[in-house]
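Read the structure below first, then the notes.
The values are calculated or read from the model by the stated rules, or taken from the named source; none is laboratory data. In this text, all values refer to a predicted model and were calculated from it rather than measured experimentally. Note: ideal-geometry Cβ built from the backbone for every residue, glycine included; neighbour counts use all protein chains shown.
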Amino acid sequence: MTSLGRVFLAPFLIALWVSPAARAAESFVVRDIRVDGLQRISAGTVFNYLPVKVGETFDDARSAEAVRALFKTGFFQDVSLLREGQLLVVNVVERPAVGEISFSGNKNLETDKLKDSLKQVGFAEGRIFDQAILDRVQQDLRELYFSQGRYAVKVESTVTPLERNRVGVNFDITEGDVARIKQIRVVGNQSFSEDTLLDLFQLSTPTWSSWFTKNDQYSKQKLSGDLEALRSFYLDRGFINFNIDSTQVSLTPDKKDVFLTVNLSEGDRYRIGDVKLAGELPVAADELSKLVQIRQGAEFSRKQVTETSTKIAERLGDEGYAFANINAIPEIQEKTKTVNLTFFVDPGKRVYVRRIAFKGNARTSDEVMRREMRQMESAPISTSKVKRSQQRLERLGFFEEVDVETPAVAGTTDEVDVNFSVKERPSGNLMAGIGYAQTQGLIFNASISQENFLGTGKRVQLIFNNSKVLQTYLFSYTNPYWTADGVSRGFDLYKRKVDAEDANISDYTADRYGGNVHFGIPLTEHDTINLGVGGERIKIKTGTYPSNVVQDFLEDEGDEYTVVPVTLGYAHDTRNRAIFPDEGGITRVSGEVDIPGGDLSYYKVTLRQEWYQALTERFTFHLTGETAYGDGFGGTNGLPFFEYFYAGGIRSVRGFRDNTLGPRDNYDDPTGGNFRAYASAELLMPMPFAKDSKSVRLSTFVDAGNVWITDDQVRTSDEGPIRYSAGVATSWYSPLGPISVSFAWPLNKQSGDDTQVFQFTLGAMF
């Protein structure tokens, strides 16, 4: 048997293995191949990479080729080839594989996140172990912590042999503290003060709120965002040649303090010259020109240029040109320091919708979602109709999230699909439980509630509620699409008992039972008329100390009544979603008239307006205003006391005890009134540290309101001025039911007012 030699890691040594004459003389025909030394890797894998097959002539050139091919796989740390007669023997020594990866000391970065970062560089369990890659991985882990501002981080690795030619790798991490910013300097600014520019930054030197905002902790990502905000600030104010020359980040020797210096060049300020449209205009030029808000002589603003391009593209999108391209071409005039702008319009082909599809609606039927569509299949795509369809789905209240995509149809240039992806909310439950409200005390309840009954979009409720203030039995049914064009129909059957004394009102109880049928008639996309008619039986029972208001009414009208209420309402709703909207508003006007034929004749009118405006991605301004008035007519003297309006509490003027504002009776108990005015201004924001930002929100607010009696039936010396309050609140749509909490402080407390700083309502299920 003649040895063909042994080859190690350096492939260039193959050329020095044996003389050319000897190698040529040792060629042979391979009759069989055997692989020795395999542990994890299969022989089939070796044969797949081996460039020598049975029946081929093997010589020194083929030997070198085979060795290179096997080394190239990265599977082996040693390869040798031997000849046994006509048998080729391949001896290999496998590289060890990574059997386990573990971490210790990582408190601020989850292990799964760290492992994912290692996978990106090819270091993972099951992969071949490579010391060079391990060294790179250690540096990548340091860089990952550097991006968080943890420059004192230490990463050490320990490699432990395991059975079956594997190794375990443990990374021992000492994270260190986040480096804190001691100073931020801006150099080169002339037109704006350093303080003005630093106000644009998320990063800052330590302040009183830094413990909460963490804005004094250095982060490379935050710095990048701050530099972009700085660049946008200048570009939106005419400095088209603005440039950030350099950014210096200096660390103290202990790597705990950071000093930032931003060097910039402002350049000259430019103004707008001529503005015109060019290209193919499928929409009238006059109409598109109205979308251009940039005016000659104004400071150049990149933001306004982008907004104008977007508006033109959206308008063309409404005509089916979904892929319209709007290029703003600037022409800089150095002498006059002006910029001429040409918006070049390339509409592309008109695009049609091939198919509308829904995903994620496990309970809700496609039919319920499809009837909310304003974009139709086979019609030209309209960006506004697609957006409107998305908003209508969000306003159903069935979904936490509604996303929409419009991918192009493969193989076409004029077709797209519209795909809606939703995440459903729990829309119904069988519940028995206990809750607490400051007004009502302990509340025992049981309900079968389904806002999306069997996925049909119909609402069905069967409710029992028992507290010291209110006992309720209710069955309710609503079909929002009673007719194909969106007319809704529903009915309610109920029995209620109210103990007014326990609700901080006068000493009486009211037993009420009845029912109604109601309809909703859509007029436009945003406007609806509501109609209803019902019948109700009311019985009043006084306590030991009934107020003069109650006594006077009972003397005139008796203590039992049958009423026939007719309701008429109008709603204008432009909110982008039903739960936690951040855009649009809703206006409601409602009236109730108890018509002659019953025992009492009276009316109530309410006007309520809500408005939402997103200030940033995280902050929303919410404004609410409401007025309500009622009175009797015919033979009924004034609005019945059990229909009075009330103020004070978590649902009206917070900081004052529920229902306690306004007139008081001869026992100094609140009576409510026939006229109410209420307003509230809120700044809504996500709850800090809350993972589910779509179900919980925090707010700061100012409330104002009161109630009055307009016919002077009772003493009104303490009702006087409108009451004001301010505070903070949170609302949470929890799996256990809605929870509301507020801390409010009255701003103009009057003598005799009942105040209550902390107010809440909550529910809990068994």
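Some points to look at:
- Failed condition for residue 179, given (1) among the hydrophobic types (A, V, I, L, M, F, W, C); (2) within 20 Å of residue 120 (Cβ to Cβ); (3) surrounded by 14 or more Cβ atoms within 10 Å (Cβ to Cβ); (4) out of contact with any helix residue (DSSP H, G or I) (no Cβ under 6 Å at 6 or more places or on another chain): (2)
- Listed by first and then second residue, the pairs with beta-carbon distance under 7 Å, at least 6 apart or on different chains, first residue in the range 664-675 and over 18 Å from residue 638 (Cα atoms) and touching a residue at least 40 places away in the same chain (Cβ under 8 Å), second among the β-branched types (Val, Ile, Thr) and in a loop (DSSP other than H, G, I, E, B), are 669/505.
- The listed residue being at pLDDT 50 or above and either outside any loop (DSSP other than H, G, I, E, B) or in contact with a Lys or Arg (Cβ under 8 Å, 6 or more places away or on another chain) (or both), out of 430, 442, 493: 493
This table checks each residue for (1) outside any loop (DSSP other than H, G, I, E, B); (2) over 30 Å from residue 295 (Cβ atoms); (3) not hydrophobic (A, V, I, L, M, F, W, C).
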residue	(1), (2), (3)
329	yes, no, no
348	no, no, yes
354	yes, yes, yes
362	no, yes, no
368	yes, yes, no
384	yes, no, yes
388	yes, yes, yes
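To keep it simple, each residue is scored yes or no on (1) touching a strand residue (DSSP E or B) at 6+ places or on another chain (Cβ under 6 Å); (2) in a helix (DSSP H, G or I).
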| position | (1), (2) |
| --- | --- |
| 167 | yes, no |
| 177 | no, no |
| 181 | yes, no |
| 201 | no, no |
| 208 | no, no |
| 226 | no, yes |
| 230 | no, yes |
| 234 | no, yes |
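- Filter result (of a type in the set (S, T, N, Q) and within 18 Å of residue 262 (Cα to Cα)) within the range 172-194: 183, 189, 190, 191, 193
- Residue within the range 148-162 that is surrounded by 16 or more Cβ atoms within 10 Å (Cβ to Cβ) and more than 22 Å from residue 104 (Cα to Cα) present: no
- The C-beta contact set for the range 566-579 (first residue without any contact (Cβ under 8 Å) to a residue 60 or more places away in the chain and in the same structural domain as residue 607 (by TED's automatic domain parsing), second residue of a type in the set (Val, Ile, Thr) and outside any strand (DSSP E or B), distance under 7 angstrom, 6+ apart or interchain) comprises 566/595.
- Number of the exception - residue 337 against (1) outside the structural domain of residue 295 (by TED's automatic domain parsing); (2) surrounded by fewer than 19 Cβ atoms within 10 Å (Cβ to Cβ): (1)
- Residue within the range 604-611 that is outside any loop (DSSP other than H, G, I, E, B) and either outside the structural domain of residue 536 (by TED's automatic domain parsing) or in contact with a Phe, Trp or Tyr (Cβ under 7 Å, 6 or more places away or on another chain) (or both) present: yes
- Residue in the range 185-207 that is surrounded by 15 or more Cβ atoms within 10 Å (Cβ to Cβ), charged (D, E, K, R) and touching a residue at least 24 places away in the same chain (Cβ under 8 Å) present: no
- When the criteria are applied in full, residue 677 meets the requirement of being aliphatic (A, V, I, L, M), closer than 22 Å to residue 505 by Cα and surrounded by fewer than 20 Cβ atoms within 10 Å (Cβ to Cβ).
- Test: residue in the range 262-279 that is more than 30 Å from residue 192 (Cα to Cα), surrounded by 13 or more Cβ atoms within 10 Å (Cβ to Cβ) and without any contact (Cβ under 8 Å) to a residue 60 or more places away in the chain: no
- Matching residues in the range 685-708 - criterion: being at pLDDT below 95 and among the charged types (D, E, K, R): 691, 692, 694, 697
- The residues listed here are 324, 298; of these, the one that is farther than 30 Å from residue 245 by Cα and of a type in the set (Gly, Ala, Ser) is 324.
- Tallying residues that are out of contact with any Leu (no Cβ under 7 Å at 6 or more places or on another chain) and not in a helix (DSSP H, G or I) within the range 281-327 yields 21.
- Scanning the range 499-537 for residues that are over 20 Å from residue 472 (Cα atoms), of a type in the set (D, E, K, R) and in a strand (DSSP E or B) returns a single hit, 527.
- One residue stands out in the range 80-99 among those that are polar (S, T, N, Q) and in a strand (DSSP E or B): the one that is nearest to residue 64 (Cα to Cα), namely 80.
- Listed by first and then second residue, the pairs with beta-carbon distance under 6 Å, at least 6 apart or on different chains, first residue in the range 300-315 and at negative phi and without any contact (Cβ under 8 Å) to a residue 24 or more places away in the chain, second crowded, with 20+ Cβ neighbours inside 10 Å and among the aliphatic types (A, V, I, L, M), are 313/324; 313/326.
- Some residue of the range 51-66 being closer than 21 Å to residue 129 by Cβ and loosely packed, with under 14 Cβ neighbours inside 10 Å: no
- Only one of the numbered conditions (1) surrounded by fewer than 18 Cβ atoms within 10 Å (Cβ to Cβ); (2) modelled with pLDDT under 95; (3) not basic (Lys, Arg) is not met by residue 627, and that is (2).
- Of everything in the range 209-256 that is in contact with a Ser or Thr (Cβ under 9 Å, 6 or more places away or on another chain) and among the charged types (D, E, K, R), the residue that is nearest to residue 182 (Cα to Cα) is 216.
- Qualifying positions in the range 364-385 - surrounded by 16 or more Cβ atoms within 10 Å (Cβ to Cβ) and not small (Gly, Ala, Ser): 364, 368, 369, 372, 373, 375, 380, 381, 383, 385
- Pick from the range 78-108, criterion over 18 Å from residue 159 (Cβ atoms) and without any contact (Cβ under 8 Å) to a residue 60 or more places away in the chain, ranking: farthest from the chain's Cα centre (by Cα): 86
- Failed item, numbered, when residue 268 is tested on (1) closer than 23 Å to residue 301 by Cβ; (2) at pLDDT below 90: (2)
Yes/no matrix, rows are residues, columns are (1) more than 30 Å from residue 148 (Cα to Cα); (2) touching a strand residue (DSSP E or B) at 6+ places or on another chain (Cβ under 6 Å); (3) outside any strand (DSSP E or B):
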{"site": "44", "(1), (2), (3)": "yes, no, yes"}
{"site": "51", "(1), (2), (3)": "yes, no, yes"}
{"site": "67", "(1), (2), (3)": "yes, yes, yes"}
{"site": "101", "(1), (2), (3)": "no, yes, no"}
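- Residue that is surrounded by the fewest Cβ atoms within 10 Å (Cβ to Cβ) [pool: residues in the range 212-226 that are closer than 17 Å to residue 150 by Cα and of a type outside the set (S, T, N, Q)]: 220
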